[in-house]
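Participant: Below is a structure I'd like to ask you about.
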Amino acid sequence: MNKKIIQKQDQLKQNVFPIDQNFNSKQNRNSILKAQQLIQECVLKSRNLQQKRYKRYNSNNIQNEPDDMKKQAVQYQISLQQIQQDHDESIKDRFRSLSQQKI
């Protein structure tokens with residue numbers, strides 16, 4: 001995998017989702033904003049790679065696209081899916097813990 005993708009995934013696991021007891025705290029909002037920024041970065045990068053592949057295919061009329069660009073696009077899509085899953089799971093866990101506290 002690409003080193004940047006691995007670094008972003010590690011960054012997500014370490015820094016982005018530290019949700020504490022107060023759900024409306026500034027730290028929680030910042031962690032959610034960081035996650036949204038990382039998701040947007042991955043979306044933009046995958047779109048840019050897809051546009052480059054499309055332009056190259058149309059301009060050169062090449063049937064076989066470069067393997068590197070295909071691999072990068074797939075890696076960005078996979079990392080985007082993982083980021084979204086991690087974000088969804090952290091929010092679900094937080095709501096579960098909040099609902100248990102109220103009971």
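Participant: Scan segment 88-99 and tell me whether some residue there is touching a helix residue (DSSP H, G or I) at 6+ places or on another chain (Cβ under 6 Å), modelled with pLDDT of 75 or more, within 24 Å of Asp10 (Cβ to Cβ) and surrounded by 13 or more Cβ atoms within 10 Å (Cβ to Cβ).
Facilitator: no
Participant: A follow-up question, please. Go through segment 2-36 residue by residue and tally those that are modelled with pLDDT under 65 and under 18 Å from Gln85 (Cβ atoms).
Facilitator: Count: 7.
The values are calculated or read from the model by the stated rules, or taken from the named source; none is laboratory data. In this text the structure is predicted, and so the values were computed from the model without any measurement. Don't worry about glycine lacking a Cβ; one is built from the backbone with ideal geometry, like all the others, and counts go over all protein chains shown.
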